[in-house]
1. If the reach is capped at under 19 angstrom between alpha carbons, list the aspartates and glutamates near LYS107, excluding any in the same chain fewer than eight residues apart.
2. For the pair HIS98 and SER55, what calculated FRET efficiency results from E = 1/(1 + (r/R0)^6), where r is the Cβ-Cβ distance and R0 = 25 Å, to the nearest 0.05?
3. If amide H atoms are built 1.01 Å from N in the plane of the peptide, which residues on other chains or at least 5 residues away come under 5 Å of the amide H of PHE21?
4. Suppose the chain between GLU27 and PHE114 were pulled fully straight at 0.36 nm per residue; how much longer would it get relative to their current alpha carbon spacing?
Amino acid sequence: MMKGIFNRANNSANNADYIDFGGNRIEIPKLTIAKWRLLFDRVETLPSILINIFSSRNSSNFSATLIAGLGLVLDEIVELVSVLTGREREWIEENVDHNELIEFITKTAEKNDFASAVKKFSAAFGKWVKNGAAMQEKSRSTSGS
């Protein structure tokens, strides 16, 4: 009896790492350094598209910019998900609906704890920048004396 309870707990934990994606069961990936590199190679235009959309919100052609921009954003997102899942972008476009796409992105972010990673990176980067600035100031003061 107890063994069945533990097995169910283990199965539900394992199921959290998988989702139904286009009719297939697909694993939520761990973002290794290699996968991060692949992602950064693909994320070329996404930030500029978003900036263009937000900067045009008070213009008369905001609606056209928004619609065109959302199409481009969707293309970029499908490309990123293709990299993470190892599936061809055409397969994703033909088999995956928007709910599955959002669920995959959400669960990938949760599994890899993006919020914590950003905080840790910001803290480490902030210290590095602060230390670098202090070293530059010290170098200037000793070379100017």
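The numbers here are math on the coordinates, done by the rules we state, and not lab data. No experiment lies behind these values; they were computed from the predicted model shown. Positions of Cβ are backbone-derived with ideal geometry, glycine not excepted, and every protein chain shown enters the neighbour counts.
1. Excluding near neighbours in sequence, the set is ASP17, ASP20, GLU27, GLU76, GLU79, ASP97.
2. Details: r = 26 Å, r/R0 = 1.02.
That pair, SER55 with HIS98, gives E of 0.45.
3. Long-range HN contacts for PHE21: ILE26.
4. Numbers: separation 87, 0.36 × 87 = 31.32 nm, distance 1.77 nm.
Stretched fully, the GLU27-PHE114 segment lengthens by 29.6 nm.
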